[in-house]
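Student: Once you've had a glance at the structure underneath, I'll fire off some questions.
The values are calculated or read from the model by the stated rules, or taken from the named source; none is laboratory data. Being a predicted model, the structure only gives us computed values, none of them experimental. Cβ coordinates were reconstructed from backbone atoms using ideal geometry, including for glycine residues, and neighbour counts include every protein chain displayed. For the accessible areas, the whole protein counts, side chains as well, though only heavy atoms, and no ligand, DNA or RNA atoms are used. Shrake-Rupley method; radii C 1.70, N 1.55, O 1.52, S 1.80 Å.
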Amino acid sequence: MLNAESFMSPRRRWSHLALAIACAVPITFIAPAPRAEGDARPLEQTDPHIALDRTLTRIGFGSCAEGGKEQTIWEAVLATKPELFLFLGDNVYGDTRDMTDLRARYAELARQPGFMKLRATTPIAVTWDDHDFGEDDAGGDYPQKEASRQVFFDFWGEPADSPRRARDGVYASYVFGPPGRRVQVILLDLRYNRTPLVRQEPGARNYRTWAWARHKKGLEVPGPYARNPDAKATMLGESQWQWLERQLEMPADVRLIGSSLQVLADFPGWEGWSLFAHDQQRLYELIRRKRANGVVFLSGDMHYAELSKLDVNVPYTLWDLTSSGLTEVWPAATPNANRVSDVIREPNFGLVEIDWQGAQTTVTLSVVDQRGTRRIEKRLPLADLSARP
């Protein structure tokens, strides 16, 4: 997407536009993989982005940024010199049905010095989560979802003729780099079409008091939601599922799937893919059926960072690097049997580094704190991210 800004002075807007034009490369489209004979579905193309021709080696990402707070994390982000930065949701905290208020929250972000520098120097791509969608834990029944979608696109500079604007949500897919070094970035929308959550109350009589007491002690806090057993319950909606299936047919070496919610966490009781077991299993099966190698999940939302791993009943070992938040911190972790790292309870961002130069390509997943220290680091041979025979 283009790095335009809807809430800045005309002079600053023109300076940003001039920089974008100076740094831009020709927009190209990546052809899909060959189709089976008789497959009459329309061919899918990658979404346009100014950086499609670049070979990516460093991709930053983050989530959960309160615009009214000082955002000191950007200095550490910029020091890593990311070639692409992904915003995975809660990019502002709107929590409103008044679009004037929502625009004001985006204007707060636009005034942050570190964000301004990132946007002026680094290509970005964006999806949303509940707080920039509109309301806490909101889904498809949020009445202002279409108005909020237009505010989102306008702020992030999505062109008027962008294919994203014609979809039922804000999901997008980009393929960067030449053959043999292609990085596909898929950004999902887990809000616009999501069916309602199912609430459960833990054994404590007053859940909020019980949860807050555990939170203050730094103890694990299982959340108030139960798995939805309805086979028709969904986070993506059928149109997005069909779109995702076509994206996974496209040729790529590394596939970064950006999910605003954790994909692999083992039923924490808070929002996540585990609440929609049919969707979660459908995702794993889709990766297997399409032989979509190179998948790594990137997620946010939790107000802490961790790495999760799943190697049972999946096409190959799957990894989910959670980075949250850019400003927001929650000292209590939630239950997660698939956690394979420490829990980082301070402002942080995620970093994906791809080494195309060695004897074998490697993907390194890191969480970096605001001092620039790597708190989580996992090196993965790309050959390990491929379907088992």
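Student: Of the heavy-atom accessible surface of the range 125-205 (probe 1.4 angstrom), what whole percent is carbon and sulfur?
Tutor: On the way: 1330 of 2730 Å².
That share works out to 48 percent.
Student: In addition: Would you please classify the overall shape of the range 303-389 from the alpha carbon gyration tensor, given that a ≥ b ≥ c denote the square roots of the eigenvalues, rounded means a/c under 1.5, and beyond that prolate means a/b larger than b/c while oblate covers the rest? Display every interim value, and only then the final one.
Tutor: Working: a/c = 3.37, a/b = 1.43, b/c = 2.36.
In terms of gyration-tensor shape, oblate.
Student: Suppose all protein chains stay in the model; what accessible area per residue would a 1.4 Å probe give for the range 236-352, in Å²?
Tutor: On the way: 3090 Å² over 117 residues.
With all protein chains present, the range 236-352 gives 26 Å² per residue.
Student: With each run of n ≥ 4 DSSP H residues scored as -39500 (n - 2.57), what mean residue ellipticity at 222 nm is computed for the chain after dividing by its residue count and rounding to the nearest 500 deg cm²/dmol? Don't jump to the answer; show the numbers that get you there.
Tutor: On the way: 9 runs with 90 residues, N = 389.
It lands at -7000 deg cm²/dmol.
Student: With a 10 Å radius around each residue's Cβ, average the other Cβ atoms per peptide and rank 375-385, 181-191, highest first. Don't jump to the answer; show the numbers that get you there.
Tutor: Details: 375-385: 15.8, 181-191: 24.8.
My ranking of the peptides, most packed first, is 181-191, 375-385.
Student: Of the accessible area of the range 344-389, with the probe set at 1.4 angstrom, what percent is carbon plus sulfur?
Tutor: 41
Student: Calculate the length of the line joining the C-alpha centroid of the range 296-327 to that of the range 352-389, in whole Å.
Tutor: When both Cα centres are located, 13 Å separates them.
Student: Assigning unit charges at the beta carbon (Lys, Arg +1; Asp, Glu -1) and nothing else, what dipole magnitude in debye, to the nearest 20, does the chain show about its Cα centre? Write out the running numbers ahead of the final one.
Tutor: On the way: 48 positive and 51 negative charges, 110 e Å.
The dipole of the chain has a size of about 520 debye.
Student: Read through the labelled values [x] 23; [y] 13; [z] 17 and report the label of the one computed as percent of Cα pairs over 38 Å apart from the structure.
Tutor: [y]
Student: Round to a whole angstrom and tell me the spacing of the C-alpha centers of the range 230-252 and the range 124-202.
Tutor: Cα centroid to Cα centroid, the span is 14 Å.
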